[in-house]
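The values are calculated or read from the model by the stated rules, or taken from the named source; none is laboratory data. Bear in mind that the values here come from a model prediction, so they are computed numbers and not experimental data. As a convention, Cβ positions derive from the backbone with ideal geometry for all residues, glycine included, and neighbour counts pool all protein chains shown. The protein model used for the area step is the full one, side chains on, heavy atoms only, and it has no ligands, DNA or RNA in it. Shrake-Rupley method; radii C 1.70, N 1.55, O 1.52, S 1.80 Å.
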Amino acid sequence: MIVDREELHMAVQAVPYWSECDFTVLSAGAHVVAFDLDNTLARSKKPMSPDMGRHISELTRLIPIAIITGGRFGLIDSQVLAMLGDRTDRSNLYLMPTSGTRYYRWHDTQWHCEYAYDLD
């Protein structure tokens, strides 16, 4: 099979920084946004930056957000939840520590474990 070089040429697409994104437009076609914690939302074992905390807080007001990590719930608590502002819609957060083998949701005023499939 002969392939023309022109067919292989693809347009270069720039990916904007979070600070340059319009979250309303970004979330318009999505039903949920999922993030890995380590080296995505925060550096490994470090809290999210205050800037990232503000962006995630605002995003929860627009769309449900899932946060998945291989670590325990305590890491999500110290690295993410502690960095979120008062405007955060916690009912729009879906927390899945230990690689998704546990699932936490916000009910009333606290986090509840909806399921836990602990492995031996």
Dipole in debye (nearest 20) - region 29-103, about Cα centre, beta carbon charges: Lys, Arg +1; Asp, Glu -1: 140
Beta bridges by DSSP in the chain, antiparallel share as percent, to the nearest 5: 45
Helix 50-60 vs. the chain, principal-axis angle (Cα, 0 to 90°, nearest 10): 90
Among Gly53, Gly85, Gly74: highest mean-square fluctuation, GNM of the chain, C-alpha pairs under 10 Å: Gly74
Overall form of region 40-105 per C-alpha gyration tensor (a/c, 1.5; a/b vs b/c): oblate
Most to least accessible of Val15, Val25, Val32 (protein chains only, probe 1.4 Å): Val15, Val25, Val32
Accessible-area ranking of Thr69, Thr101, largest first, probe 1.4 Å: Thr101, Thr69
Local electrostatic count, Pro97, Cβ distance below 15 Å [Lys/Arg +1, Asp/Glu -1]: -1
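Where does the chain land at 222 nm, in deg cm²/dmol rounded to the nearest 500, when only DSSP H runs of n ≥ 4 count, each adding -39500 (n - 2.57), divided by all residues?
My calculation for the chain gives -5500 deg cm²/dmol from helical runs alone.
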Candidates Tyr104, Tyr17, Tyr94, ranked by Gaussian network fluctuation over the chain, Cα under 10 Å, top entry: Tyr17
Rounded to the nearest 10 Å², the accessible area of Leu59 at probe 1.4 Å: 10
